[in-house]
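For reference, the structure discussed in these notes is given below.
A short reminder: the numbers here are calculations on the coordinates, not readings from a lab. It should be emphasised that the depicted structure is a prediction, and the values quoted were computed from it without experimental measurement. Methodologically, a virtual Cβ is constructed for each residue, glycine included, from the backbone with ideal geometry; neighbour enumeration extends over all protein chains shown.
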Amino acid sequence: MTSATIHLVAPTQAERKLLGFADLLTAFVERRIARRAEKRLLALDLLREQQTRRQDPRAVDHMLAQVGLSRR
C-alpha cells in the first residue's frame, strides 16, 4: 500500500508538461507586461517634455520679419 501511495503523489508526465508550459506562458506574459510598462514610461516622458517645452513668442515675429511680412 505504501508504494501505491508514493506513486500517486508524484506528478504525471502530462502534469509536468503542463506545469512547464504554464511557466513558459507566465514568463512570456511577464515580459510583455514589462515591455508595455517601459513603452508607457517612455511615452509619458515624451509627453511631459512636450508639455513643459516653452515656445518663444518672439520666434514667430522673427520668422515673419525674415520673410518680409508684418509682425503680429
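Measure off 7 Å from each Cα along the Cα-to-Cβ vector at Leu69 and Glu15, then give the distance between these two points in nanometres to one decimal.
Placing both labels 7 Å along Cα→Cβ, they lie 7.7 nm apart.
Give, as a single signed number, the net charge of other residues whose beta carbon lies under 12 Å from the beta carbon of Leu25, with Lys and Arg counted +1 and Asp and Glu -1.
0
Using the crude model of +1 on Lys and Arg Cβ and -1 on Asp and Glu Cβ, and no other charge, please compute the dipole size for segment 22-72 relative to its Cα centre, in debye to 20.
180 debye
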